[in-house]
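Have a look at the structure below before the remarks.
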Amino acid sequence: MFKKIATGVLAVAATSALALSLPSAASASTAHHDDDSYSWGSVYSRNHQAKAFGRVDVDWDRHHESNEVTVRGRLYDLDSRSARQGGKCAYVMVAFRDLDHGSSRVYSKKYCGYPGSTTFFSQSDDVESVRVKVCQIGQHSNFPTRCGRWQSIYLSESE
């Protein structure tokens, strides 16, 4: 009898913990109307040998017609292999889509230095949405590989 009660209590506690963690995990995909600052990530390369996470800060003008979006993050190289063994560097791409024109601007950063990390920072005005993708890339290459999927980290509902 005691074993059944203990198992039930543990199941409720685990379910409650999961439910409490979901709103914060889902915050990256929700729309934001006012000035805001929130966390995003972790976002991984396809093979989990690189990852990034960070914060998004959104500052709207007082008429809510224009914004400035800042993405800050940390990029981790998790590939312990040497370059000779086929090891690669971590690579992050941040894509800003414009409010008015629908055009995109992409910021990227490479980091080689297992088991370390580096910070990155990018800012853009009049932003409708921001997406992040993490990949690996050779130390002397310009072509990312083993990319994860694009992850939405900011979506504006300005209209």
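Couple of notes before you dig in:
- A 1.4 Å probe run over region 90-159, with the rest of the protein chains in place, finds 55 Å² accessible per residue.
- Less than 5 angstrom separates the built amide H of A50 from those of S45, L78, all sequence-distant by 5 or more or on a different chain.
- Per-residue ³J(HN,Hα) for region 38-52, Karplus 6.51 cos²θ - 1.76 cosθ + 1.60, θ = phi - 60°, Hz, x for Gly and Pro: 7, 8, 9, x, 7, 10, 10, 5, 4, 9, 6, 9, 8, 8, 9
- Prolate/oblate/rounded call for region 35-159, Cα gyration tensor, a/c under 1.5 rounded: prolate
- Of the whole protein surface, K51 contributes about 40 Å² of accessible area at a 1.4 Å probe radius.
- Cα gyration tensor shape of region 89-159, rounded if a/c is under 1.5, else prolate or oblate by comparing a/b with b/c: prolate
- Low-density loop cleavage sites - chymotrypsin sites (Phe, Trp or Tyr not before Pro) in region 61-159, where at most 15 other Cβ are within 10 Å (DSSP): W150
The values are calculated or read from the model by the stated rules, or taken from the named source; none is laboratory data. Since the structure is predicted, the reported quantities are computational estimates derived from the model, not experimental observations. Here Cβ is always computed from backbone atoms with ideal geometry, including for glycine, and neighbour counts include all displayed protein chains. Accessible surface is based on the protein model in full, side chains and every heavy atom, while ligands, DNA and RNA are left aside. Shrake-Rupley method; radii C 1.70, N 1.55, O 1.52, S 1.80 Å.
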